[in-house]
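First comes the structure, then the notes that go with it.
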Amino acid sequence: MQLEDTIKLDQSYYMNTFGERLPVQFTHGNGAVLYDSNNKKYIDFIAGIGVNSLGYNHPSLVEAIQKQAEKLLHCSNLFYIESQAKLAKILSDANRGGRVFFCNSGAEANEAAIKLVRKYFHDQGAPHKYEILTAQNSFHGRTLAALAATGQEKYQKPFEPMPSGFKYIPYNNLEAAEEAVTENTAAVMIEVIQGEGGVIKGSTEYIQGLEALCREKGLLLIADEVQTGIGRTGKVFAYEHYDIEPDIITLAKGLGGGIPIGAVVAKGEAAEVLTPGSHGSTFGGNPLACTAGLVVMETILEEDFLDQVKLKGKFFESGLIGMRQRNSIIDEVRGIGLMLGIKLHEAIPGKEVVQKALNAGFIINYAGQNTLRFLPPLIITKEEIHQLLITLEGILMPYFWK
Ligand code: PLP
């Protein structure tokens, strides 16, 4: 079907929650390259918003999914599932311990984590401890509780009243976190690098300080690794850069390499809270999704894979830093590994830059605070990064002179 026909159908029947879409329909891809219905080639620097971690047409992922599809797509959690058990082990080992609950998305993983926190304190006879501190400018998902956890009023306003039990603290401000704790506080939920908020890194003192605060006050620490996890930053989980040990981590996006899957990994006493009947999901952790998750995890854990992510990330970052030194319209280069962003001067129309990059055959994205965000497939090559850097500087150049 031609793009124009898809647009007509979409405009008549699709519930438009995404505003104006970019006028492209992709038909297939290979490596970090996507092709549209006119066979135009694009190098992808957003990877389905951090999802296609192994890029497109990855041989092992495709083969495993094909084989699994021939055998068994789904069978329900009433039965044992080999790939689920194996994926739970690999995630637990990577996290240096813990049990895993599987679901289908980041919002669902955070919902499960929120329920886990509540039940943890109920089980301890302290139901008054229910409040979770989350950061201003955070993003934790669109279901009601995940939205209530999201410290951005603009997403919440039309759906008020929000479920109660969340308090928003300024990011990278430890003192404010300490002051926010009351006898009702149960947990802190944090993105160690805020993604949707504009690729903002938590400082080491802040993230380590939050962990210390949780230990001192008996609170649970939840790291939302939905965007930062599964190798994105050059470590399996971004919290590892901070040398902390969260009680709970939440995962989704890149874990399935394109097949929907979410997960919660909880450690210590927190691992024993979600008991039979207390939570569940029909699709969560089904054979197809877990097969995909296993291939992704096995691939990123291969020798050298994460070192390559780090090297490519450094190469990318230094290219962006060089661009910033030459051009005053870039205020800041942010992020780590292959989760990078550049904050443009507020006068630069970020959305226009994204469109121009698309015309030039590069898919980039625009996140909070006039920031261009780059989340390429982890298998992207240095050469492809180099091509983006050259093209992007050419696109930004005319704005330098204005
Ligand atoms: N948490 C973080 C940090 C995210 O970036 C996102 C999505 O962007 C979510 C949660 C929600 O994930 P999902 O869209 O899979 O529900």
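The values are calculated or read from the model by the stated rules, or taken from the named source; none is laboratory data. Note that the structure is predicted; figures quoted are calculated from it, not measured. So basically every Cβ, Gly included, is an ideal-geometry build from the backbone, and we count neighbours across all protein chains shown. We work out accessible area using only protein heavy atoms, side chains counted, and drop any ligands, DNA or RNA first. Shrake-Rupley method; radii C 1.70, N 1.55, O 1.52, S 1.80 Å.
Scanning the range 327-364 for residues being in a helix (DSSP H, G or I), at pLDDT 95 or above and of a type in the set (Lys, Arg) gives a total of 1. Taking the criterion of being part of a loop (DSSP other than H, G, I, E, B), open to solvent by 10 Å² or more (accessible area, probe 1.4 Å) and at pLDDT 95 or above, the residues of the range 365-393 that qualify are ILE379, THR381. Meeting the requirement of 3 or more residues that are open to solvent by less than 30 Å² (accessible area, probe 1.4 Å) and over 17 Å from VAL295 (Cβ atoms), no helices (runs of 4 or more DSSP H) wholly within the range 1-71 can be named. The set of residues from the range 138-176 being touching a helix residue (DSSP H, G or I) at 6+ places or on another chain (Cβ under 6 Å), assigned to a helix (DSSP H, G or I) and away from the ligand (no atom under 16 Å from the Cβ) comprises just one member, LEU174.
For TYR239, the stated conditions do not hold, so it cannot be described as over 23 Å from ASP123 (Cβ atoms), open to solvent by 10 Å² or more (accessible area, probe 1.4 Å) and either within 15 Å of the ligand (Cβ to nearest atom) or touching a residue at least 12 places away in the same chain (Cβ under 8 Å) (or both).
Here's a check for you: in the range 217-236, which residue that is within 15 Å of LEU133 (Cα to Cα) and away from the ligand (no atom under 12 Å from the Cβ) is surrounded by the most Cβ atoms within 10 Å (Cβ to Cβ)?
In this case the residue turns out to be LEU220.
When ASN16 is tested against the conditions (1) out of contact with any Asp or Glu (no Cβ under 9 Å at 6 or more places or on another chain); (2) free of Cβ contacts under 8 Å to residues at least 24 places away in the same chain, the lone failure is (1).
Residues in the range 86-105 that are open to solvent by less than 10 Å² (accessible area, probe 1.4 Å) and either part of a helix (DSSP H, G or I) or of a type in the set (Ser, Thr, Tyr) (or both): LEU87, LEU91.
Residues being touching a helix residue (DSSP H, G or I) at 6+ places or on another chain (Cβ under 7 Å), modelled with pLDDT of 95 or more and polar (S, T, N, Q) are represented in the range 206-213 by at least one member. Restricting attention to the range 242-263, the residues that are assigned to a strand (DSSP E or B) and either more than 12 Å from the ligand (Cβ to nearest atom) or open to solvent by 20 Å² or more (accessible area, probe 1.4 Å) (or both) total 3. Cβ-Cβ distances below 6 Å connect the following pairs, each with a first residue in the range 349-378 that is free of Cβ contacts under 8 Å to residues at least 24 places away in the same chain, a second residue that is polar (S, T, N, Q), and a separation of six or more residues or different chains: GLY350/ASN370. Among the residues of the range 280-290, the one identified as in contact with an Asp or Glu (Cβ under 9 Å, 6 or more places away or on another chain) and either open to solvent by 10 Å² or more (accessible area, probe 1.4 Å) or β-branched (Val, Ile, Thr) (or both) is SER281.
For the range 125-144, enumerate the residues that are open to solvent by 20 Å² or more (accessible area, probe 1.4 Å) and closer than 19 Å to GLU225 by Cβ.
Passing the criteria: ASN137, PHE139, ARG142, THR143.
For first residues located in the range 94-108 and on the phi < 0 side of the Ramachandran plot and within 7 Å of the ligand (Cβ to nearest atom), partners that are of a type in the set (S, T, N, Q) and open to solvent by 40 Å² or more (accessible area, probe 1.4 Å) and lie 6+ apart or on another chain with Cβ distances below 6 Å form the pairs ALA107/THR143.
Selection of the range 109-137 for residues being among the β-branched types (Val, Ile, Thr) and within 15 Å of the ligand (Cβ to nearest atom) yields ILE114, ILE132, THR134. When THR185 is tested against the conditions (1) open to solvent by less than 30 Å² (accessible area, probe 1.4 Å); (2) β-branched (Val, Ile, Thr); (3) within 16 Å of the ligand (Cβ to nearest atom), the lone failure is (3).
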